[in-house]
Amino acid sequence: MEFLSLPKHIGFIMDGNGRWAKAKGMPRISGHKAGVRQVDVVVDLCLKYRISYVSLFVFSTENWSRPQSEVENLFDLARVYLKKAQAFLKKDVRVVVSGDKTKLPDDLQRAIFDVQTKTANCKSLTLNLCINYGGRDEIVHAVNAAVASGVPVDEKSFKNYFYNPFLPELDLVVRTGGEVRLSNFMLFDAAYAELYFSDVMWPDFDKDEFEKMLFSYQNRVRKFGDIK
Ligand code: IPE
Ligand code: IPE
Ligand code: MG
């Protein structure tokens, strides 16, 4: 399929893994595993359509309130996923992580550092994984750093204090799983994003759903306060 206009930066709130598994009589972890497989599908589709930046909500600052076993399962999956540096290099995908890494287990912090270093020169797609990420946390963290610097900021320079300052603002925020909320995802960068909500659970968000999403985006009129 061809599209007239494509987003440069898409953010995905990958929701619905647990309900997907429950509907199949499987444990929640099976839903998360299927969710990771779907990440590969979506990354390949982003490459196919030459989307330059994709941000994925992997673990929120609020997700610590889940049972400890589920938190550990999610970190285990992240560990395995981040080890695939060779696959990222082959696809020319740069991996970066946004979020407060200091609260993550040491080996996960090392895996993050490792994949970020190895893929630093990849250019086709930047994959921003939001782990222990909160939109409010990112803003508060940036405010404190700006205050400490003693130099007043404007909307542009304020972003220099974000986890990955080079990421452009979001053009499109997508949430799967039927809930219609942002759940603290990239609040500053989503300020003028188009929003797309899908009832499909994340593990079922396939090529057809992805193209439906792009089709919806290309029909949006982005006015940014102007008259069009
Ligand atoms: C995945 O979906 C999101 C993560 C926090 C990894 P959920 O685990 O929230 O699935 P549901 O909403 O319970 O179905
Ligand atoms: C948002 O999903 C966080 C991630 C996708 C990582 P949640 O399932 O945690 O959000 P709520 O609890 O429904 O708001
Ligand atoms: Mg959920």
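Among Cys130, Cys46, what is the fewest-to-most ranking by other Cβ atoms within 10 Å? All intermediate terms of the calculation are to be shown ahead of the outcome.
Values: Cys130 27, Cys46 22.
Arranged by neighbour count, lowest to highest, Cys130, Cys46 become Cys46, Cys130.
Order these peptides, 142-154, 185-197, by their mean beta-carbon neighbour count within 10 angstrom, highest first. Show your work: numbers first, answer last.
Details: 142-154: 11.7, 185-197: 17.3.
Result, highest mean Cβ count within 10 Å first: 185-197, 142-154.
Neighbour counts of other C-beta atoms within 10 Å: give me Leu182, Leu167 arranged from fewest to most.
Ascending Cβ contact count within 10 Å gives the list Leu182, Leu167.
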Return the Cα extents of region 122-228 along principal axes one, two and three, sorted largest first, each rounded to a whole Å. 49, 38, 32
So what are the ³J(HN,Hα) numbers for region 101-118, from phi and the Karplus equation (6.51, -1.76, 1.60; θ = phi - 60°), rounded to whole Hz, Gly and Pro as x? 6, 4, 8, 8, x, 3, 5, 5, 4, 5, 4, 5, 4, 4, 5, 5, 5, 5
Determine the dipole magnitude for region 9-218: charges of +1 sit on the beta-carbon of Lys and Arg, -1 on that of Asp and Glu, nothing else is charged, the reference point is the Cα centre, and the result goes in debye to the nearest 20. 620
Taking amide H positions as placed 1.01 Å from N in the peptide plane, with prolines and chain starts having none, which residues 5 or more places from Glu194, or on another chain, fall under 5 Å of its amide H? Leu172, Val173
How many nm separate the modelled label positions at Arg222 and Lys90, each set 7 Å beyond the Cα in the direction of the Cβ? 3.3
Asp107 versus Ser149, label points 7 Å from Cα toward the beta carbon: distance in nm? 3.7
Show which lysines lie in cross-link reach of Lys91 when reach means a straight Cα distance below 20 angstrom and same-chain residues fewer than eight apart are skipped. Lys8, Lys48, Lys83, Lys118, Lys123, Lys207
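Which of the peptides 14-20, 105-111, 157-163, 64-70 is most tightly packed, and how do the rest follow, judged by the mean count of other Cβ atoms within 10 Å per residue?
Ranking, from highest mean packing down: 14-20, 157-163, 105-111, 64-70.
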Amide H to amide H under 5 Å from Val95: which residues, 5+ apart in sequence or cross-chain, H placed 1.01 Å off N in plane? Thr119, Leu127
Using a 7 Å offset from the Cα along the Cα-to-Cβ direction at both Asp199 and Lys24, what is the distance between the two label points in nm, to one decimal? 2.1
Amide H neighbours of Ser55 at under 5 Å, excluding residues fewer than 5 places away on the same chain, with H built from the backbone geometry, are Ile10, Gly11, Phe12, Asn128
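Efficiency by 1/(1 + (r/R0)^6): what FRET value for Lys48 and Asp100, r their Cβ-Cβ distance, R0 = 30 Å, to the nearest 0.05? If you can, show how the numbers build up before the last one.
Values: r = 33 Å, r/R0 = 1.09.
Here the calculated transfer efficiency is 0.35.
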Sorted from largest down, give the three principal axis spans of the alpha carbons of the chain, whole angstrom values. 53, 45, 35
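Any read-out appearing in this document is the output of simple, stated calculations on the displayed coordinates, not a laboratory observation. Please read all numbers here as calculations on a predicted model, not as lab measurements. In this analysis, Cβ positions are derived from the backbone assuming ideal geometry, glycine residues included, and neighbour counts consider all displayed protein chains.
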